[in-house]
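First up is the structure itself, then whatever we jot down about it.
No lab work stands behind these numbers, since they all come straight from the coordinates. Source: prediction; values computed, not measured.
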Amino acid sequence: MYIVTDELKLIGFSVSTLQKLVQKNSGIRKFNTLDYFCIYIVMEDLTMEVEDIPYQIKPHHIIFIGPEKKVFFRESIGDQIYVISFSSSFYERSSKDSLFLNSNLFSTTVLISLLLHSIILKKKKFCLLSV
């Protein structure tokens, strides 16, 4: 996770798959969100724990996890789980950026299609979960 943390410190933003994050974390599936916000776009079954509370997440869900949370991912491949991490300073960088990020361009529907343009969603609905 140190590589991702360094990237977050440098630019305030990171996009990766869960599989790559676990690989960068020497195969360890336990993380702490530290000072960062994380959005997980889940395209495969996922079992995870947030602050020792277990969750079963089905595909086509989006999960938001705030800073300072302990997260543990149980066995899953993770190559179909996308992780967007960002710092509060990235989000609040300037009033212009904040207006842009809060605009309709970044509504849930548009955000999903932008980030997952290579995946055919076949009109499946997404659910937004906040943990």
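Okay, here's what the table says:
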{"item": "Rounded D (µm²/s) - region 37-92, Kirkwood Rh over Cα pairs, Stokes-Einstein at 37 °C, 0.692 mPa s", "result": "278"}
{"item": "Overall form of region 1-57 per C-alpha gyration tensor (a/c, 1.5; a/b vs b/c)", "result": "prolate"}
